């Protein structure tokens, strides 16, 4: 079946460092989004990025739909960036949404 | 404007009982979808409702059901609870829910513990 692979699964960084999280899809997807899950479980929208590049403060994202991947960049990490980052998209074939298993990010003070 | 609201936030049930969770979408959003999150299986799609009709369904047993009302509020029900149903249940709303424009906005979730 369709797979969504996120890498790395875990990442530990010092405050101030930069990071790149990757999301690979095994098939075509639409509506690619990036989320940050806060400690209470809520998924917070970071980017809705079916294609192209977007930036929001220290965060930016790029999706190359033709090559079936998306990247999330976090610059100058802060401890509040810690948590789990998920990418998700709608499958073309049946409109269901699938999530990656997430990247758990730990930012050390 | 108000975000997606889920109730209750936390609940504890025993095996064999049933549970109903509620989700109020963002005003104007017509699609509501439900997801189960467990440590072992991650985030899995349960079903999606649009204009009171189920548009899509994930691979869950028939014990999991849902409905949507005319005001777009949605409920999901799990009958004959099993220990493995313990999970965080997340609801999301979107304007259309279609594969072309379905940006999702999530609620805070309902954390269910089955004893």
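What follows is calculated from the coordinates using simple rules that are stated; it is not laboratory data. Note that this is a predicted model, so its numbers are computed, not measured. Please note: Cβ atoms are built from the backbone with ideal geometry, for glycine as well, and neighbour counts cover all protein chains shown.
What to note about this one:
- Boolean, residue A:44 is within 14 Å of chain B (Cβ to nearest Cβ), part of a strand (DSSP E or B) and exposed (fewer than 14 other Cβ atoms within 10 Å of the Cβ): yes
- Search result, residues across segment A:15-41 that are within 14 Å of residue A:83 (Cα to Cα), more than 10 Å from chain B (Cβ to nearest Cβ) and part of a strand (DSSP E or B): A:19, A:21, A:34, A:36
- When residues of segment A:53-105 are limited to those that are in contact with a helix residue (DSSP H, G or I) (Cβ under 9 Å, 6 or more places away or on another chain) and in a strand (DSSP E or B), the one farthest from the other protein chains (Cβ to nearest Cβ): A:74
- If you check B:52, B:48 for being in contact with a strand residue (DSSP E or B) (Cβ under 6 Å, 6 or more places away or on another chain) and either within 17 Å of residue A:89 (Cα to Cα) or crowded, with 21+ Cβ neighbours inside 10 Å (or both), only one passes: B:48.
- 2 or more residues away from chain A (no Cβ under 11 Å) and touching a residue at least 24 places away in the same chain (Cβ under 8 Å): qualifying strands (runs of 3 or more DSSP E) within chain B: B:5-7, B:10-13, B:19-24, B:31-38, B:64-68, B:74-78, B:110-114
- Of all residues in segment B:74-83, those satisfying the criterion of being surrounded by fewer than 16 Cβ atoms within 10 Å (Cβ to Cβ) and in contact with a strand residue (DSSP E or B) (Cβ under 8 Å, 6 or more places away or on another chain) are B:77, B:79, B:82, B:83.
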